[in-house]
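Values quoted throughout were computed directly from the atomic coordinates according to the rules given, and no laboratory measurement underlies them. Every value quoted in this text rests on a predicted model; they were computed, and no experiment measured them. FYI the Cβ positions are ideal-geometry reconstructions off the backbone, even for glycines, and counts take in every protein chain you see.
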Amino acid sequence: MTTLAKVTDVQLDAVCEAFASVSWPLGRDDFATLAWRLGWQPKAQTSSGVQHRSGYPVNLPTIRSLIADQAISQVTIAVSDKSDDTTGLRSAALEVQSALSRRLGQPSGAHAGDHFWELDNGGRIWLKTVPKKVLLVIEERRFADVERREERPDLGSD
């Protein structure tokens with residue numbers, strides 16, 4: 001097993017601070033300002049989303065943002081190297097989770113092994129491990145509210 005590259009704690013802190021302090025909905029112009037402040041470089045823009053290069057020390061430093069009703073609805077950030085090394089990915093995810101917990105407190109919940117943190121502004125930050133990398137997914141208030149409504153029937157079923 002090799003150690004996979006991942007975002008630094010300072011970079012995670014900056015992302016958490018930026019998205020915890022926004023007012024939802026976040027329009028394209030405000031998102032462009034936020035991305036610039038975080039050092040992200042624009043890569044492509046369509047009617048349904050924006051792509052950036054993060055500059056983070058991972059082998060595919062991509063950021064994909066979805067747009068709904070002219071506002072950012074979801075931002076997905078690669079926070080680890082892309083790799084087939086499942087043990088390395090698990091280790092990177094645990095390190096990122098630990099850094100997020102230091103910044104945001106203990107996770108608010110989990111689904112299918114992926115942890116999330118509720119933000120005071122109504123947004124939600126997920127740490128997701130997909131087959132080949134670890135992602136940080138930020139959901140704006142409306143997106144997160146839909147998930148919260150879908151989760152309610154499951155609250156007492158365990």
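What fraction of the Cα pairs in the chain, stated in percent, has a spacing above 28 angstrom?
Across the chain, Cα pairs with separations above 28 Å total 18 percent.
For Thr3 and Thr46 in one chain, what is 0.36 nm times their gap in residues minus the Cα-Cα distance, to one decimal in nm?
12.0 nm
Among all lysine pairs in the chain that are eight or more places apart or on different chains, how many have alpha carbons less than 18 angstrom apart? Could you put the intermediate results ahead of the total?
Numbers: Lys6/Lys82; Lys6/Lys128; Lys6/Lys132; Lys6/Lys133; Lys82/Lys128; Lys82/Lys132; Lys82/Lys133.
The result is 7.
Compute the Kirkwood hydrodynamic radius of region 1-77, taking the inverse of the mean of 1/r over all pairs of distinct Cα atoms, and give it in Å to one decimal.
Values: mean 1/r = 0.0765 Å⁻¹.
Roughly 13.1 Å, rounded to one decimal.
Report relative contact order for the chain in percent, whole number only (criteria: Cα-Cα under 8 Å, sequence separation at least 6).
Once normalised by length, the contact order is 23 percent.
Roughly how many debye, to the nearest 20, is the charge dipole of the chain about its Cα centre, given +1 on each Lys and Arg Cβ, -1 on each Asp and Glu Cβ, and no other charges?
Here the size comes out at about 440 debye.
Per residue and in Å³, how big is the convex hull formed by the alpha-carbon atoms of region 4-45?
On the way: hull volume 4.1 nm³, N = 42.
That works out to 97 Å³ per residue.
Can you give the FRET efficiency for Arg142 and Glu17, using 1/(1 + (r/R0)^6), R0 = 30 Å, r = Cβ-Cβ distance, to the nearest 0.05? Working shown, then result.
Details: r = 22 Å, r/R0 = 0.72.
Efficiency, rounded to the nearest 0.05: 0.90.
Rounded, prolate or oblate: which fits region 29-118 when a ≥ b ≥ c are the square roots of the eigenvalues of the alpha-carbon gyration tensor, with rounded for a/c under 1.5 and prolate only if a/b beats b/c?
The shape class here is prolate.
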